[in-house]
Amino acid sequence: MKFQIPKGTFDILPDCAEEPWRASALWQKVEETVRETANEYNYKEIRTPIYERTELFDRGVGESSDIVAKEMFTFIDKGGRSLSLRPEGTASVMRAFVENNLNQQGSVHKFFYIGPMFRYERPQSGRYRQFHQFGAEAIGNSSPEQDAEVIDFLCQIYKRLGLKNLKVRVNTVGDPESRAHFRTALIDYFRPHFDLLSADSKIRFEKNPLRILDSKDSRDKELVQGAPSILTHLSPAAKAHFQEVCNLLDQIQVPYEIDDRIVRGLDYYNKTVFEIMTEDLGAQNTIGAGGRFDGLISSLGGPDLPAAGFASGLERVIQVMLAQQTPLEEKKGPLIYFIPMGEEARAKCFLLATECRHNQITADVELSAKKVQAGLQNATRLQATYCAIIGSDELQSGKIQLKHVQTRVSSEANLAQIVTHLRGLTS
Ligand code: HAM
């Protein structure tokens with residue numbers, strides 16, 4: 001019986017002709033860029049388990065969010081505990097921060113992470129059930145500079161990856177005081193239109209009317225057009241904070257638009273929220289998003305510390321890189337590919353390849369081809385730089401011809417000094 005991969009998941013392969021975004025070199029490129037940029041912004045890596053107690057996400061992400069209400073992979077373990085695959089990283093990072101008492105080690109804490117997340121969504125292009133995020137969370141700083149820093153950090157990663165034509169949309173969801181005020185205004189506005197709302201938005205009306213602003217339903221969208229704006233319901237403190245975030249973005253030259261309809265699909269946000277969009281992906285056009293979430297840590301039993309962060313989907317980022325034909329480094333195969341002729345040569349080639357590898361030279365050896373021609377084809381397919389055919393003559397003389405696979409130019413090398421010779425060719 002042949003098995004098929006579960007719906008909404010995919011394999012990342014060394015190469016993938018039909019879906020080039022699944023080629024592992026691209027994933028490594030994004031991951032390396034995230035790590036390098038994180039280092040410059042002084043964010044340190046954190047890794048948390050891929051599953052947590054379900055309650056963490058209920059409380060952290062919020063029971064009224066679609067992510068928790070509809071999209072979690074939840075299971076009961078053999079001990080009768082309800083566990084869920086993480087649908088996002090923020091709640092887990094905050095749980096780890098609190099549980100490991102990291103607040104005792106200084107006042108500002110900056111983390112980044114890269115890893116798989118799980119949401120039971122209807123799979124389509126750009127939307128998967130197991131997807132991957134890189135993200136960052138900064139804890140302990142309530143100033144607008146922190147918000148601007150996380151937005152800039154994410155934009156720098158995209159810039160270094162060569163992404164173009166992105167739109168940064170920012171908004172504020174206000175502080176609790178502003179939200180209470182805005183909530184009343186929204187209820188007053190939607191109440192006379194209640195019957196026209198979608199079934200989901202009727203529930204949102206009761207639980208969290210702000211969410212209606214985020215509805216994808218076409219009738220809801222029409223109603224939303226006339227809804228009041230959060231920007232006219234901000235407390236003086238929330239307004240000043242948002243204005244300063246915008247000033248800072250201007251100063252550090254991060255282009256952005258203010259979009260007062262952004263509310264985000266997770267419950268923990270407070271003040272600044274943002275989304276980064278592309279026009280090169282079709283429907284799933286948000287490649288990264290985040291914001292400030294000041295009350296989350298204390299709601300998870302930790303100290304009352306402010307925090308801000310972002311997460312971005314690797315699949316979507318890679319798909320945009322390909323759609324925009326971002327120039328990529330050429331793929332590299334082994335520096336040297338040994339092709340033996342006969343049993344004795346095969347043993348020698350294996351030793352030579354091992355010697356090269358022990359000296360940090362990438363090398364491989366042809367162990368399966370019956371004919372030299374097939375070995376040469378494999379050297380080309382693997383994108384080796386040099387190949388060397390070794391038979392009894394070469395073993396006897398101790399000399400081989402190193403052939404450049406592309407140019408076909410050969411040079412003679414001493415078998416006993418293969419490492420020195422190859423180093424000389426590449427230095
Ligand atoms: P989010 O908006 O739910 O935020 O997800 C962030 C990004 O993850 C999205 O913009 C998208 O690129 C990607 N993404 C989400 N769902 C899928 C999916 N099913 N398939 C493929 N990609 C997907 C968060 O997760 C927050 N934790 C962000 C954050 C961090 N806020 C503060 N700190």
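Bear in mind these aren't lab numbers, they're just calculated from the coordinates by the rules spelled out. All values reported here derive from a predicted model rather than from experimental measurement. We place every Cβ from the backbone using ideal geometry, glycine too, and count neighbours over all the protein chains shown.
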If you line up the Cα atoms of the stretch 336-426 on their principal axes, what length do they span on each, largest first, in Å?
31, 28, 23
Using alpha-carbon positions, what is the distance between the centroids of the stretch 1-52 and the stretch 340-365, in Å?
32 Å
List, in order, the whole-Hz ³J(HN,Hα) value for each residue of the stretch 183-189 obtained from phi through the Karplus relation with A = 6.51, B = -1.76, C = 1.60 and θ = phi - 60°; use x for Gly and Pro.
4, 4, 4, 5, 4, 4, 6
Bridge orientation stat for the chain from DSSP, antiparallel percent rounded to 5, came to 80 percent
Of Lys164/Lys216; Lys29/Lys331; Lys44/Lys110; Lys70/Lys216, pairs whose Cα-Cα distance is over 18 Å
Lys164/Lys216
For Met72, enumerate residues with amide H under 5 Å from its amide H, sequence gap 5+ or separate chain, H modeled in the peptide plane.
Tyr120
Amide H to amide H under 5 Å from Ile390: which residues, 5+ apart in sequence or cross-chain, H placed 1.01 Å off N in plane?
Ile339, Met341
Please check which bits of the stretch 248-282 a label hung off Leu231 would reach, taking the label as a point 7 Å along Cα-to-C-beta and the cut-off as backbone N under 18 Å.
248-251, 254-264, 271-277
Non-local amide H neighbours of Leu305 (under 5 Å, H modeled in plane, Pro and chain starts lacking H): which ones?
Ile297, Ser298
Net lengthening on full extension, Asp250/Val372 (0.36 nm per residue, minus Cα-Cα)
37.7 nm
Can you give me the distance in nm between label points at Val409 and Lys207, each placed 7 Å from the Cα along the Cα-to-Cβ direction?
6.8 nm
Under a point spin-label approximation (7 Å from Cα along Cα-to-Cβ), what is the Phe73-Ser142 distance to one decimal in nm?
3.9 nm
By the gyration tensor of its Cα atoms, with a ≥ b ≥ c the square roots of the eigenvalues, what is the shape of the stretch 1-105: rounded for a/c under 1.5, prolate for a/b over b/c, or oblate?
oblate
Inter-label distance for Leu328 and Ser107, nm, one decimal - labels placed 7 Å from Cα along Cα-to-Cβ
4.5 nm
Of the beta bridges DSSP finds with both residues in the stretch 336-426, what % are antiparallel, to the nearest 5?
45 percent
Choice from Glu36, Glu121, Glu19 with maximal GNM fluctuation in the chain (Cα, 10 Å cutoff):
Glu19
Relative contact order for the chain: what percent, with Cα pairs under 8 Å and sequence separation of 6 or more?
15 percent
How high is the FRET efficiency from Ser298 to Glu19, r the C-beta distance, R0 45 Å, rounded to 0.05?
0.55
Could you work out [θ]222 nm for the chain from helices alone, using -39500 (n - 2.57) per DSSP H run of at least four and dividing by all its residues? Round to the nearest 500 deg cm²/dmol.
-11000 deg cm²/dmol
Formal net charge of residues neighbouring Ala96 (Cβ-Cβ distance under 11 Å; K, R +1; D, E -1):
-1
Percent relative contact order for the stretch 285-393, counting Cα pairs under 8 Å at least six residues apart, stands at 27 percent
Where a label projected 7 Å from the Cα of Arg47 along Cα→Cβ would reach, residues of the stretch 284-325 with amide N under 18 Å:
none
Rounded to the nearest whole number, the Stokes-Einstein translational diffusion coefficient of the chain at 25 °C and 0.890 mPa s (Kirkwood radius, C-alpha pairs) in µm²/s is 98 µm²/s
With springs only between Cα atoms under 10 Å, which of Asp364, Asp66, Asp250 fluctuates most in a Gaussian network model of the chain?
Asp364
³J(HN,Hα) across the stretch 159-172 via Karplus (A = 6.51, B = -1.76, C = 1.60, θ = phi - 60°), whole Hz, x for Gly/Pro?
4, 5, 7, x, 6, 10, 6, 8, 10, 9, 10, 10, 7, 10
Have a look at Phe75, Phe190, Phe205 and tell me which one the Gaussian network model of the chain (Cα, springs below 10 Å) gives the largest fluctuation.
Phe75
